[in-house]
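Accompanying notes for the structure given below.
The values are calculated or read from the model by the stated rules, or taken from the named source; none is laboratory data. None of the values given here were measured: they were computed from a predicted structure. Neighbour counts run over all protein chains shown; Cβ positions are idealised from the backbone, glycine included. Side chains included, ligands, DNA and RNA excluded: accessible areas come from the protein's heavy atoms. Shrake-Rupley method; radii C 1.70, N 1.55, O 1.52, S 1.80 Å.
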Amino acid sequence: MTASRPIQPVASEQHVTAGPYSPVLRISRDADIIVISGQAPLDLQGQVIGDTIEEQARVTLENCRKQLAAAGASFSDVFKVNVYMTDLADWPRFNNVYREIMPQPFPTRTAIGCALLDGFQVEIEMWAVLA
């Protein structure tokens, strides 16, 4: 574990269908944890933005980026992501956007299929760490 980076990937075996996530990450104990509540595809007036999963994923990830920045963190500091989706059949399309935006090593991640508030196709919460 290096002092400059509190998040380190751990070598482990993973199935061949693994997507853009790390199966295991090690987090330093001498770090601050930042947790952002679930973010959705909303503008500042509370209007849903985007009709497709790709559009909603981009808006939602941008909202996550803004919340992380408010706490002095970035996507590079994220170690855990929970993704809530109304239709897990959209998972490959979501992953295409996620891969473009999230840096490696990818955070650990969980996907949950569920009902969301009206108009939402995706909601994302993130956990980050700052040394």
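Restricting ARG109, ARG29, ARG65 to residues that are open to solvent by 60 Å² or more (accessible area, probe 1.4 Å), within 17 Å of VAL129 (Cα to Cα), in contact with a Phe, Trp or Tyr (Cβ under 9 Å, 6 or more places away or on another chain) and of a type in the set (Lys, Arg) narrows the list to ARG65. The residue pairs whose first member lies in the range 79-106 and is closer than 11 Å to ILE53 by Cβ and in contact (Cβ under 8 Å) with a residue 40 or more places away in the chain, whose second member is open to solvent by 70 Å² or more (accessible area, probe 1.4 Å) and not small (Gly, Ala, Ser), and whose beta carbons are closer than 7 Å, counting only pairs six or more residues apart or on different chains, are VAL97/ARG58. For the range 43-62, the criterion of being modelled with pLDDT under 95, more than 13 Å from ALA128 (Cβ to Cβ), open to solvent by 30 Å² or more (accessible area, probe 1.4 Å) and small (Gly, Ala, Ser) is satisfied by at least one residue. Determine which member of the set ALA70, ALA3 is modelled with pLDDT under 80, of a type in the set (A, V, I, L, M) and open to solvent by 80 Å² or more (accessible area, probe 1.4 Å). From the options ALA70, ALA3, the qualifying one is ALA3.
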